[in-house]
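Structure first, then comments.
The values are calculated or read from the model by the stated rules, or taken from the named source; none is laboratory data. What you see is a predicted model; the values in this text were computed from it and never measured. Here Cβ is always computed from backbone atoms with ideal geometry, including for glycine, and neighbour counts include all displayed protein chains. Accessible surface is based on the protein model in full, side chains and every heavy atom, while ligands, DNA and RNA are left aside. Shrake-Rupley method; radii C 1.70, N 1.55, O 1.52, S 1.80 Å.
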Amino acid sequence: MKLKSAFYKWIVFLCMLLISESASAQKTEEISQVERNDTTLSMMDNVEISLLTVGPGDEVWSMYGHTALRVLNHNNGTDVSINYGSFSFDQPYFILRFIFGLTDYEMAILPMQYFMEEYKYEGRWVSEQKLSLSRNEKRNILAALQRNALPQNVGYRYNFLYDNCTTRAMNILLQNVDGEVESTMGDWNGESYRTMTHQWTENHRWARFGNDLLLGVKADFKTERESSFFLPDSVRRYFNNIYLKEKTGRKRKLVNKESYLYLPEFSGKSNAEVDVFDKVSPTIVLASLFVVTLLLTAIAEWKRKHSLWMLDAILLVATGLCGLILSAMIFSEHPTVRVNLQILILNPLSLLFLYSAIRKETSNQCHWYWKVLLIFCILFLIGIAIQTYAEGMVFVAMTLITRCVANIRNGRNS
């Protein structure tokens, strides 16, 4: 969600503070009054706090859904959404900052009307889980939200897997409830981060390909259940199974009621509605590349015209440029992208030795880099045992192996 007008944000924020008796008091006095004044406790009976979950969208940043909070104050008719997913593409070097894990997100407070209009327009379902909270818990949550809305606290360093709009909303609720949190969910099978992201990219094969290209070895490690809470729907299902065990021993279900505020006639894409672009999968494209390379190599061998320097140049440039991106990931703040075995074939060294390798090939000689690249490809294939590669990447390795073997063989025969 892009940044909304600061005017609306602070007007609505001040409306929230009207639960106190003196609306003309200074902001700091209102916050402290909410925390101190016992008279506000009785007013909490007319305040409802809910967890909102939004279904997936079609854009890359919206495929996994969204999470927000809702505060409905019947004392003054205020109805607002609070979410931690506000960002702006106008930030300098936004894409680079996002890739390296240096993107700053903000908390945004907006009228529920605006919140709902956006997702209705996008055709995304919105679920509301009304929370069963005590007066004291409501007051603590509101006070925490108000502190978060202060200029010095409103922004945070976003991390897709560890600290995002969903984890922020979940934590501000669970950190301000009384009692021990217990869950009745079944056993956790230890799904990896990669497996969890795949659940939401079924109809977006190329988006999945891009994600898997960047995710490294650590994305395939087994995880604990808490690791799944970067996904909005995981938190929604978790909240439906939470009980709060109070000091008296009494257990209280956290979610009082769940309902859909908006449910489009068709939520999600059917197989017939998959984008044309995604119908041609990465496997088909990369397998075709391998077949074409194999045929061209066989024809060149048959005609004894061994050099396919133009094809080799294209392969080295394409894989080398991708390798530059994977090399940059080593310095990313996202730990799951730093060690990535796909860099063995998407190797930046291919750019470094491009000129000398092609120059020797045109002279029917074999540059030593082809032998090194062949070893890299073999190590890549062995690495399948510990890392799940992006769809079709094995065909890229087979394509490079074909050209490596051809160049090594032709160099010996020259």
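Structural remarks
- Scan of the stretch 301-334 for residues that are in a helix (DSSP H, G or I), touching a residue at least 24 places away in the same chain (Cβ under 8 Å), open to solvent by 10 Å² or more (accessible area, probe 1.4 Å) and among the small types (Gly, Ala, Ser), ordered by number: Ala313, Ala328
- Qualifying residue in the stretch 69-83 (condition: modelled with pLDDT under 85, outside any strand (DSSP E or B) and more than 16 Å from Ser127 (Cα to Cα)): no
- Test: residue in the stretch 219-228 that is over 30 Å from Ile343 (Cβ atoms) and touching a residue at least 40 places away in the same chain (Cβ under 8 Å): yes
- Condition check for Glu117: in contact with a helix residue (DSSP H, G or I) (Cβ under 9 Å, 6 or more places away or on another chain), part of a helix (DSSP H, G or I) and without any contact (Cβ under 8 Å) to a residue 60 or more places away in the chain: no
- Within the stretch 355-374, the only residue that satisfies the criterion of being surrounded by fewer than 21 Cβ atoms within 10 Å (Cβ to Cβ) and within 21 Å of Leu286 (Cβ to Cβ) is Leu374.
- Residue selected from the stretch 359-382 under the condition β-branched (Val, Ile, Thr) and at pLDDT 95 or above, by the criterion nearest to Thr399 (Cα to Cα): Ile378
- Test: Ser356 is out of contact with any Ser or Thr (no Cβ under 6 Å at 6 or more places or on another chain) and part of a helix (DSSP H, G or I): yes
- Which listed residue, of Ser288, Ser259, Ser307, is closer than 26 Å to Thr399 by Cβ and modelled with pLDDT of 90 or more: Ser288
- Residue that is open to solvent by 50 Å² or more (accessible area, probe 1.4 Å), within 22 Å of Ile284 (Cβ to Cβ) and in a helix (DSSP H, G or I), where the choices are Val394, Val405: Val394
- Remark: pairs (first residue in the stretch 57-71, closer than 15 Å to Tyr84 by Cα and of a type outside the set (Lys, Arg); second residue outside any strand (DSSP E or B) and modelled with pLDDT under 90; Cβ separation under 7 Å; 6+ apart in sequence or on different chains) = Val71/Met16.
- Strands (runs of 3 or more DSSP E) enclosed by the stretch 160-254 - at least 2 residues per element that are open to solvent by less than 60 Å² (accessible area, probe 1.4 Å) and at pLDDT 90 or above: 180-183, 242-245
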